[in-house]
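A.B. asks: Provided herewith is a single structure, encoded as structure tokens, for subsequent inquiry.
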Amino acid sequence: MPSAVTERREGAGAGAGRLRGARRAGAALWRAAAVRELLVVLAFCAFTALLTWPYVTRLRDAVVDPGDPYLVTWIMWWDYHQTFRDPLNLFHSNTFYPLRYTLAFSEHCYGLALPFFPLFAAGLRPLTVHAVAVFLGFALSGYGAFRLARTLTGSRGVAWVAGVVFAFVPYRFHLMSQLVYLFSPWIPLLFEALVLFARARTRRRAAWLGAAFFMTGLTSVSFFAFALLPLAAAGAVLLTRYGLWRERELWRRGAAALGLASLALLPFMLPYYHVSKLYGFKRSVEEVKANSAWASHWLSSENRNKLWFGMGETIKEGARFKLFPGLLPLLFALAALLLVEPLKGRARAEESAAAGAAGGGRSRRLARLDALAVFAFAASLLALGFDGTDYFGGLFRYVTSERALALLAAALIARACLAYPAFLRATHANLAATLRSPRRCDAFWLGLVLACVGFCYSLGWNFFFYRICYDLLPVFRSMRVPTRGSMFAYLGIALLAGLGVRRLAELLSARRPRLSKGVVYAAACALLLAELNAAPLNFMRGAVNPDAVSLRLKRTEMRGGVVVLPAGPDFNHLHMLRAADHARPLIVGTSGFNSPQADQVEHWTRAGTIPMGFMNLLEEIPASYVVVKNELIPERRATYTAFLTRAVSAGRLRFINRFDGRDDLYAVVKTEPEARAEASPPPELEIRDWATLLEEDPVNLLGPYAEWSRALYRLHLVRGGRVPRYADFMADARGLGRGLVPGFEEAERDFEGRLRGLAAEWARGAEFRQLYEGLDDARFAERLYQNAGLEPEPSATAALAASLASGAETRAGALLSLAADPRVVERERNRSVLLLHYFGFLRRNPDDPPDNSLEGFNFWLAQLDAGQDPGKLPLAFRESFEYEKIKGK
């Protein structure tokens, strides 16, 4: 039998063998390229979780706001839904019914949604998929920049720095509500594909270039348009550096790859052309101007960044344009620009000789280019002064400043490509020689191109570069926000920052040989993560689950569309999100452009009485169902109730049911005559007059009835020269309101007639005669002006007295006329609103107990006169102890 020692040795040997096997397996696994790439992605995911904490813990329903995230969620869901249902009609979405190509009213986001189709298929809620996509938008953008920098330089250290900068630049947090622009990995991957193809013109790399080009356009139309110019410039730089201008294989395979990609993109681009032709959608110059930044806005930082919070708030419109990329990225990029390694020996001699050989004499082409540059400079000066005017026969309506400046820039670039002017020809003969110089690498030139072009994009209409793009390239006319082009500048800054850290690492290692370059890279990345941190990130929990009425619509077949009320900028994003739940044709909505039908719905229901003409619109569209979300219209519920009551009474709407105790569903009878009611109409659909509403709650003096109440207030004021008392005012209001049904078109005319009747009744009354019977017409007119708080003007009082004397005006009519005077309306606006809040909420006069004086009233009035928002009064009165006591009783 073997001894115990032998057994232990054999066991130890076996354990060591297993350990060596595990190490070999681990090394083989690490050598697998896919595993290494996955680990890089996971590292960026960890960085994202750290810098956006606690976002990763709330992926089920996290959104930064209830606006554009809901819109993008619907777009991604529609891409998935229609792909497996009817892909040939992808752009005919279920919003803005009955229009066609409605997906093209904004970004179609198909390339964004495509990677997340498995999540939809797994049953995740659309808003959850959006939250996951936002999280991965940071990580994958960083990974894309990592790959580009690694391909350009061969250095993982440079790649990590570039990836961190591009993934977490503060502006990316500014785009968190617009996922399609936050999610930008295809931008660096497109340029990586270009670099790879320039270095080896194989079929495989040409195919990758075409695929990256296709996915860029498939993901974001805006970024695709922005990428065209820097892609062409980067291509020119690479062709010059590698001397590939005359290589046929490059042009043949490159044209084939990009041509096939463009053909594949046509089905996704043509709908935008159809939309512009069918509906005339085009971004106006004014929209572009309003969304164009100035150079100073590059010093304004996104507030989610914890270190630079509040930076730039004093800059004009600094709260809108937050372009600051962080201090360290700029300093590292500056190091790449300034800390260039000097040329050595033979390379310096060769470049100096080349510069000298090119410096002797100017060719005819140079002379012509010089002349063209001088001419373009002179024309640009004149164009800047006369731009858009009719001087010189309207010449400068055609020779615009942007065209003259573009010609000047082209002439200077062409001149530099042939030969620098003598005073600039220190080391290189021309721009081509500069680009070929070994002093700078591919990453530097691509970073510089991207940074410059992206910076010019961000200035939009404030710089000629974007104006000439808008003038010459039709695709730029569909974009509203030029500042999004700054994403290309951030990619350029990221590349330059990586190069800057590499140069710093080289210098520090030269001085301190024991200092590893890896330590410098790690320290730089740690500092960048600390500077670009946004944790704890502020966000909210979105409406991830469908409501009951949406689930009911999902089960309902219909001939027309659905109108959800209220409609408008504050509500339509939520309606879009719910459209991903019910999948029925939605008439209202929001996007880059709106439909005329949606605008009309908003117009008819936004304010004031909802007339029966709105019912005509619903029937013409045609609408099948109307959803009224009562919790969203607390101040206008009575107005909606009046319209709905009348429409139901006329048999044009049919009440179906109430869901979740708040959402009412109505069928448009003309479109859906077979729709059946499932419950009795709610009690509020009974027709009630204003007097009944005031008896139920005096707060009905306010809200949609405030204009009536203020008109009655002014009439009291002009009659007696003092504000009305609660008992008298309420008695008169109830008298005016008997039989007066708010919400109908006739109600306004009826109210005016009733107010004239009240004034006439007052003029016949004993109190009025006691006040004014002894006054002649001139003194009566003067007294009314004093009562109204206006300075009696001799001409105005004389005119009023003459009208009274001739019988053209009555004393009751004079009361009404002066009470409606715009000066009185404006002068009494704050005081009337405040008094009505006392009457409506507290049901008393301002100087009644417990106040016993006007001190509180005067305090509030001073606040309103100083600019306090009157909209805050209802909340203040509702939360008062006295009102809570009244409601309790």
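A.B. asks: Given (1) over 27 Å from residue 607 (Cα atoms); (2) of a type outside the set (Gly, Ala, Ser); (3) without any contact (Cβ under 8 Å) to a residue 60 or more places away in the chain, where does residue 718 come up short, assuming only one miss?
C.D. replies: (3)
A.B. asks: Next up: Does any residue of segment 661-668 turn out to be in a strand (DSSP E or B), modelled with pLDDT of 90 or more, in contact with a Gly (Cβ under 8 Å, 6 or more places away or on another chain) and not aliphatic (A, V, I, L, M)? Even if it seems obvious, please write down each step before you answer.
C.D. replies: In the first step, residues of segment 661-668 are kept if they are in a strand (DSSP E or B); the result is 663-668.
The next check asks that each one be modelled with pLDDT of 90 or more; those that pass are 663-668.
Keeping just the survivors that are in contact with a Gly (Cβ under 8 Å, 6 or more places away or on another chain) gives 668.
Going one step further and asking which of them are not aliphatic (A, V, I, L, M), we end up with none.
The answer is no; no qualifying residue exists.
A.B. asks: Could you tell me which numbered condition residue 421 fails, if it satisfies all but one of (1) surrounded by fewer than 19 Cβ atoms within 10 Å (Cβ to Cβ); (2) on the phi > 0 side of the Ramachandran plot?
C.D. replies: Failed condition: (2).
A.B. asks: Separate question: Report, by residue number, each residue of segment 508-555 that is within 22 Å of residue 659 (Cα to Cα) and either among the charged types (D, E, K, R) or more than 33 Å from the chain's Cα centre (by Cα) (or both).
C.D. replies: 547, 552, 554, 555
A.B. asks: May I ask you to list the residues in segment 793-816 that are assigned to a loop (DSSP other than H, G, I, E, B) and either surrounded by fewer than 17 Cβ atoms within 10 Å (Cβ to Cβ) or in contact with a Phe, Trp or Tyr (Cβ under 7 Å, 6 or more places away or on another chain) (or both)? Give the derivation first.
C.D. replies: Start the filter on segment 793-816 by keeping residues that are assigned to a loop (DSSP other than H, G, I, E, B), which leaves 793, 807-810.
Scanning segment 793-816 gives 793, 807, 808, 810.
A.B. asks: So, one more: Is it true that residue 588 is of a type in the set (A, V, I, L, M), open to solvent by less than 20 Å² (accessible area, probe 1.4 Å), part of a strand (DSSP E or B) and in contact with a helix residue (DSSP H, G or I) (Cβ under 7 Å, 6 or more places away or on another chain)? Write out each step before concluding.
C.D. replies: On the way: of a type in the set (A, V, I, L, M): yes; open to solvent by less than 20 Å² (accessible area, probe 1.4 Å): yes; part of a strand (DSSP E or B): no; in contact with a helix residue (DSSP H, G or I) (Cβ under 7 Å, 6 or more places away or on another chain): yes.
Judged against the criteria, residue 588 is not a match.
A.B. asks: Can I ask one more? If you go through segment 41-87 one residue at a time, how many are in contact (Cβ under 8 Å) with a residue 12 or more places away in the chain, surrounded by fewer than 20 Cβ atoms within 10 Å (Cβ to Cβ) and farther than 28 Å from residue 574 by Cα?
C.D. replies: 3
A.B. asks: If you don't mind, another one. Can you find even one residue in segment 197-207 that is over 22 Å from residue 330 (Cα atoms), buried (at least 23 other Cβ atoms within 10 Å of the Cβ) and out of contact with any strand residue (DSSP E or B) (no Cβ under 7 Å at 6 or more places or on another chain)?
C.D. replies: yes
A.B. asks: Mind listing just one residue for me: the one in segment 467-483 that is under 22 Å from residue 273 (Cα atoms) and at pLDDT 90 or above and, of those, surrounded by the fewest Cβ atoms within 10 Å (Cβ to Cβ)? Show your work before the answer.
C.D. replies: First, the residues of segment 467-483 that are under 22 Å from residue 273 (Cα atoms): 467-482.
Those still in the list that are at pLDDT 90 or above too: 481-482.
Details: 481: 19, 482: 27.
Looking at the filtered set, the residue picked out is 481.
A.B. asks: Pick from segment 626-640 the residues that are open to solvent by less than 20 Å² (accessible area, probe 1.4 Å) and not aliphatic (A, V, I, L, M): which of them is farthest from residue 552 (Cα to Cα)? Can you show your working first?
C.D. replies: Taking segment 626-640 and keeping what is open to solvent by less than 20 Å² (accessible area, probe 1.4 Å), we get 626-630, 633, 639-640.
Adding the requirement that they be not aliphatic (A, V, I, L, M) leaves 629-630, 639-640.
Details: 629: 14, 630: 17, 639: 26, 640: 22 Å.
For segment 626-640, the residue satisfying everything is 639.
So that you can scan it fast, the table gives a plain yes or no per residue for (1) surrounded by fewer than 13 Cβ atoms within 10 Å (Cβ to Cβ); (2) among the small types (Gly, Ala, Ser); (3) not in a helix (DSSP H, G or I):
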{"residue": "791", "(1), (2), (3)": "yes, no, yes"}
{"residue": "839", "(1), (2), (3)": "no, no, no"}
{"residue": "849", "(1), (2), (3)": "yes, no, yes"}
{"residue": "875", "(1), (2), (3)": "yes, no, no"}
{"residue": "882", "(1), (2), (3)": "no, no, no"}
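A.B. asks: Go through 451, 416, 409, 432 for me and flag whichever is closer than 26 Å to residue 245 by Cα, touching a Cys at 6+ places or on another chain (Cβ under 7 Å), of a type outside the set (S, T, N, Q) and modelled with pLDDT of 70 or more. Reasoning before the result, please.
C.D. replies: Working: 451 fails: touching a Cys at 6+ places or on another chain (Cβ under 7 Å); 416 fails: touching a Cys at 6+ places or on another chain (Cβ under 7 Å); 409 fails: touching a Cys at 6+ places or on another chain (Cβ under 7 Å).
432 is the lone residue from the list that is closer than 26 Å to residue 245 by Cα, touching a Cys at 6+ places or on another chain (Cβ under 7 Å), of a type outside the set (S, T, N, Q) and modelled with pLDDT of 70 or more.
A.B. asks: Something else now. In this structure, is residue 842 without any contact (Cβ under 8 Å) to a residue 60 or more places away in the chain and within 22 Å of residue 695 (Cα to Cα)? Break it down into steps so the answer makes sense when it comes.
C.D. replies: On the way: without any contact (Cβ under 8 Å) to a residue 60 or more places away in the chain: yes; within 22 Å of residue 695 (Cα to Cα): yes.
In short, yes.
A.B. asks: Considering only residues that are over 20 Å from the mean Cα position of the chain (by Cα) and either modelled with pLDDT under 95 or hydroxyl-bearing (Ser, Thr, Tyr) (or both), which ones fall in segment 155-182?
C.D. replies: Quick first cut of segment 155-182, residues over 20 Å from the mean Cα position of the chain (by Cα) only: 155-167.
Answer for segment 155-182, where residues must be over 20 Å from the mean Cα position of the chain (by Cα) and either modelled with pLDDT under 95 or hydroxyl-bearing (Ser, Thr, Tyr) (or both): just 155.
Rundown of residues vs (1) surrounded by fewer than 16 Cβ atoms within 10 Å (Cβ to Cβ); (2) of a type in the set (A, V, I, L, M, F, W, C); (3) in contact with a Cys (Cβ under 9 Å, 6 or more places away or on another chain); (4) assigned to a strand (DSSP E or B), yes/no style:
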{"site": "567", "(1), (2), (3), (4)": "no, yes, no, no"}
{"site": "575", "(1), (2), (3), (4)": "no, no, no, no"}
{"site": "578", "(1), (2), (3), (4)": "no, no, no, no"}
{"site": "644", "(1), (2), (3), (4)": "no, yes, no, no"}
{"site": "654", "(1), (2), (3), (4)": "no, no, no, yes"}
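A.B. asks: Just a yes or no: is a residue in segment 115-125 modelled with pLDDT of 95 or more, part of a loop (DSSP other than H, G, I, E, B), crowded, with 19+ Cβ neighbours inside 10 Å and on the phi < 0 side of the Ramachandran plot?
C.D. replies: Taking every residue of segment 115-125 in turn, at least one turns out to be modelled with pLDDT of 95 or more, part of a loop (DSSP other than H, G, I, E, B), crowded, with 19+ Cβ neighbours inside 10 Å and on the phi < 0 side of the Ramachandran plot.
A.B. asks: Then there's this: The conditions are (1) surrounded by fewer than 19 Cβ atoms within 10 Å (Cβ to Cβ); (2) within 24 Å of the chain's Cα centre (by Cα), and residue 239 fails exactly one of them. Which is it?
C.D. replies: (2)
A.B. asks: Might you check whether a residue that is in a loop (DSSP other than H, G, I, E, B), open to solvent by less than 60 Å² (accessible area, probe 1.4 Å) and modelled with pLDDT of 90 or more occurs anywhere in segment 855-870? Please lay out each step first, then the result.
C.D. replies: Residues of segment 855-870 in a loop (DSSP other than H, G, I, E, B): 866-869.
Checking which are open to solvent by less than 60 Å² (accessible area, probe 1.4 Å) leaves us with none.
The answer is no; no qualifying residue exists.
A.B. asks: Restricting to segment 516-560, what's the tally of residues that are under 30 Å from residue 77 (Cα atoms), part of a helix (DSSP H, G or I) and open to solvent by 70 Å² or more (accessible area, probe 1.4 Å)? Step through it out loud before you land on a result.
C.D. replies: First, pick out the residues of segment 516-560 that are under 30 Å from residue 77 (Cα atoms): 534-560.
Right, trim to part of a helix (DSSP H, G or I) and you get 548-554.
Right, trim to open to solvent by 70 Å² or more (accessible area, probe 1.4 Å) and you get 551, 554.
So the answer is 2.
A.B. asks: In addition: Against the condition of a type outside the set (A, V, I, L, M, F, W, C), more than 26 Å from residue 174 (Cβ to Cβ) and modelled with pLDDT of 95 or more, how does residue 502 come out, does it pass?
C.D. replies: Working: of a type outside the set (A, V, I, L, M, F, W, C): yes; more than 26 Å from residue 174 (Cβ to Cβ): yes; modelled with pLDDT of 95 or more: yes.
Criteria met by residue 502.
A.B. asks: If we scan segment 155-172, do we find a residue that is over 21 Å from residue 532 (Cα atoms), among the basic types (Lys, Arg), open to solvent by 10 Å² or more (accessible area, probe 1.4 Å) and assigned to a helix (DSSP H, G or I)?
C.D. replies: Step one: of segment 155-172, the residues over 21 Å from residue 532 (Cα atoms) are 155.
If we keep only those that are among the basic types (Lys, Arg) too, we end up with none.
No, that holds for no residue.
The values are calculated or read from the model by the stated rules, or taken from the named source; none is laboratory data. Since we're looking at a predicted model, the values are computed, not measured. Heads up, the Cβs are rebuilt from the backbone with ideal geometry, glycines too, and the neighbour counts pull from every protein chain shown. The protein model used for the area step is the full one, side chains on, heavy atoms only, and it has no ligands, DNA or RNA in it. Shrake-Rupley method; radii C 1.70, N 1.55, O 1.52, S 1.80 Å.
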